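Values quoted throughout were computed directly from the atomic coordinates according to the rules given, and no laboratory measurement underlies them. Predicted model only: the values in this text are computed from it and were never measured. Heads up, the Cβs are rebuilt from the backbone with ideal geometry, glycines too, and the neighbour counts pull from every protein chain shown.
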Amino acid sequence: MKTLLKGITAILPDGAGFKTEICDICITDDTITKIGNSDGFTPDKTVDGKNRLVCAGLVNAHTHSYMSLFRNSADDLMFHEWLFGRIMPMEDKLTQDDLYWGTCLACLEMIKTGTTAFLDMNICREAVTRAISESGLKAAISRGLVGNGRNDEGGIARIEDTIYDYKTYGDNKRLKFMMGPHAIYTTDREYLELVMEKAAEYGMDINIHLSESVKEIEDCKKEHGCSPVEYLDDMGMFKFHTVAAHCVQLSDSDIKLLADRGVWAATNPISNAKLGNGFARIPDMIKAGVNLCIGTDSAASNNTLNMFSDMSFLALAHKGNTRTADIVSASEVLKMATENGAKALGLENTGVLKEGARADLFIMDLNSPSLQPLNNPVAAMCYSASGYEVESLMVDGEFLMENRVTEMDEERIYFECNKAMKRIDG
Ligand SMILES: [Zn+2]
């Protein structure tokens, strides 16, 4: 299949930043084969690029897709009350079908707002992975692992869920699987060591929540005499390619450790603000050279999976917080949300529009008041786009949405999710 984006405004890489050009983009099967002019290219399909913009697909580096079911059902609560008092009791009532439909809703929202890949942490075997697999999106999937000791039956079963999904869906080239120890406060050291052994055995990366709340830090200091970052480093976790979600409460030495070890910190600015956890030290982390990417967290604490909202909030929160307008630039934020996210997930050759890269991208309709006049397309992505200007979205050269129409049964997804929540929390 050959697709041509003809005369389209493209956001292309340019050194550490971006440049914008009107050009032709030639796509053969899953790969961008040429950017410039399309002389000699004979497409099966041509997209007229007039008044359209193309950008590398966004990568949501931390979410829990099934929790889209809980959107707007646990608000204005502090983190621990939110998680243990509200979310976990609802999770206990979830069926496999609920998990499937909640994940479908998440995938639909991400497709409609420009996200081509995401890092998921879920609570089950199969149902979530099946929904993601059917959506056509790229994902790194981790089953949330909670356990104590090496002989904890529940803890072992959760690891087996990860391996089951890896073996069952391993042929799907858009999916990869990670070991997902939930956090240091829902596991003990022995269990984390078991998880690392399994990660090594199956060649998997690690996805964990880290240093999210003040309570987590205080408890860790009491119990282990060090910070959560030091605790994980001491047991050797950062020898693995690790994506650490949140990283809100960090000391100077924590920041240095994350930078030295090459840990990917997935910041979740809206979720952290909403749950009263504060703001990550992003400007200090940028300065120290920490690998940074952006996640929405779940729709139960955001309350959307729209990366455009988090991109904007990330830049604005730190400008406001530090009273420094150039502390985090639009270009830095867009890079975190695209190229860096793809690297964090360990996805091959994506996150950037260049020849030889995978065709993972979204196309926006520039006939939108929020994008006019198009004085600076990169600033537009960070500060003025709502996300719903996304008209079409492509993964591996395949359209998952074209002119706002997806292959998904949207009406059924809304019906099933509402039905489930009536039963769970009606
Ligand atoms: Zn999370």
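Please work out the Cα center distance from the range 158-237 to the range 102-139, rounded to the nearest Å.
Distance between centres, Cα-based: 21 Å.
With each label point set 7 Å from Cα along the Cα-Cβ vector, what nm distance links residue 190 and residue 372?
Output for this residue pair reads 6.7 nm.
Report the FRET efficiency, 1/(1 + (r/R0)^6), for residue 230 and residue 157, where r is their Cβ-Cβ distance and R0 is 45 Å, rounded to 0.05.
Given R0 = 45 Å and the Cβ-Cβ separation, E is 0.90.
May I ask for the angle, rounded to the nearest 10°, between helix 153-169 and the longest principal axis of the chain, with both axes built from Cα atoms and the value confined to 0 to 90°?
Roughly 20 degrees between the two axes.
Could you tell me the relative contact order of the range 58-345? Use alpha-carbon pairs under 8 Å, at least six residues apart, and round to a whole percent.
Working: 560 pairs, mean separation 62.6, N = 288.
Relative contact order of the range 58-345: 22 percent.
Under a point-charge model restricted to the Cβ atoms of Lys and Arg (+1) and Asp and Glu (-1), what is the dipole moment magnitude of the chain relative to its Cα centre, in debye to the nearest 20?
That gives a dipole near 660 debye.
Please give me, ordered by residue number, the GluC sites (Glu not before Pro) of the range 339-426 that lie in loop per DSSP and have at most 15 other Cβ atoms within 10 Å.
348, 355, 407
Say we join alpha carbon atoms closer than 10 Å with springs in a Gaussian network model of the chain; which of 188, 98, 310 then has the biggest fluctuation?
188
Packing-wise, with mean Cβ within 10 Å as the measure, how do 296-304, 99-107, 321-329 rank, highest first?
Sorting 296-304, 99-107, 321-329 by mean packing, highest first, produces 99-107, 296-304, 321-329.
How many nm is it between the label spots at residue 173 and residue 22, if each spot is 7 Å from the Cα in line with the beta carbon?
3.5 nm
Would you mind getting me the FRET efficiency between residue 422 and residue 76? Use the beta-carbon distance for r and R0 = 30 Å, nearest 0.05.
0.85
To the nearest 20 debye, what charge dipole does the range 119-172 have about its Cα centre, counting +1 at the Cβ of each Lys and Arg and -1 at the Cβ of each Asp and Glu?
With Lys and Arg at +1 and Asp and Glu at -1, about 100 debye.
Please report the orientation-averaged projected area of the range 58-345, defined via the convex hull of its C-alpha atoms, in nm².
It is 13.4 nm².
If you take the charge dipole of the range 58-345 about its Cα centre, with +1 on Lys and Arg Cβ and -1 on Asp and Glu Cβ, which of 271, 164, 236 is farthest toward its positive end?
In the range 58-345, that residue is 271.
May I ask which residue of 18, 66, 101 lies farthest towards the positive end of the charge dipole of the range 1-111, with charges of +1 (Lys, Arg) and -1 (Asp, Glu) on Cβ and the Cα centre as origin?
18
Quickly work out the residue 93-to-residue 251 label distance, labels modelled 7 Å from Cα along the C-beta direction, and quote it in nm with one decimal.
Result: 4.3 nm between the two label points.
What pairs in 112/335; 138/335; 45/343 have C-alpha atoms more than 22 Å from each other?
Where the Cα-Cα span goes over 22 Å, the pairs concerned are 45/343.
Can you pull the percent of Cα pairs in the range 84-192 with separation above 21 Å?
Across the range 84-192, Cα pairs with separations above 21 Å total 38 percent.
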